[in-house]
Amino acid sequence: MRLKVNGVHLDIGESLQEYVNTKLLPLVEKYFPQSIEGTVTFSKRSAFFHAEINVHAKRNIVLNSNAEADDVYAAFDQACSKMEKRLRRHKNKIKDHSKRSEAMDAMKIRHLVLNGTDYNATEKDEEIDKHPAIVAETPDHIDSLTVSEAVLRLDLGELPALLFKNSAHG
């Protein structure tokens with residue numbers, strides 16, 4: 001697994017980088033030996049240090065955890081213990097769903113990014129430009145999941161929303 005350690009307006013020393021590597025790498029490899037990458041970001045917010053850990057465990061599986069403490073090492077330890085709980089919970093959930101014989105199928109979609117509406121435009125401008133300009137168009141897919149799998153991804157990824165196709169009834 002590739003692991004990046006960053007500091008936002010904070011100097012990260014070699015001892016902290018070694019501490020993160022010795023503590024986080026074995027933890028992630030215990031549950032997901034073929035994980036892709038991980039990022040640890042440290043920042044200082046008022047009197048507290050903030051540690052945020054993002055682990056890309058498998059394809060479409062991103063786990064996040066964060067914590068704040070007076071000491072940078074304590075903040076990392078708290079975030080690391082949260083990450084361990086998430087990894088363990090996700091690994092157990094995968095074992096429960098591995099008995100299911102159906103393969104997850106994904107529906108291909110197009111993702112469009114449209115130009116925003118200008119609220120200062122006059123009515124004459126709106127008549128000329130009734131259709132917004134497409135800024136970007138990228139291919140994407142919607143996974144076919146059960147409701148419990150979708151809730152798990154939503155919880156583990158700390159996502160605000162998740163679009164999925166219900167595999168129970170399509």
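Numerical summary
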| quantity | calculated |
| --- | --- |
| Residue pairs, from the table Lys58/Lys93; Lys30/Lys95; Lys4/Lys95; Lys44/Lys85; Lys4/Lys165, whose Cα atoms sit over 23 Å apart | Lys4/Lys95; Lys44/Lys85; Lys4/Lys165 |
| Placed amide H near Val5: partners under 5 Å, 5+ positions off or other chain | Val40 |
| Per-residue HN-Hα couplings for segment 51-62 [Karplus 6.51, -1.76, 1.60; θ = phi - 60°; Hz; x = Gly/Pro] | 10, 10, 10, 10, 10, 8, 6, 9, 4, 6, 10, 10 |
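Coordinate-derived values only; no laboratory data. Quick caveat, the model's predicted, so the values are computed rather than measured.
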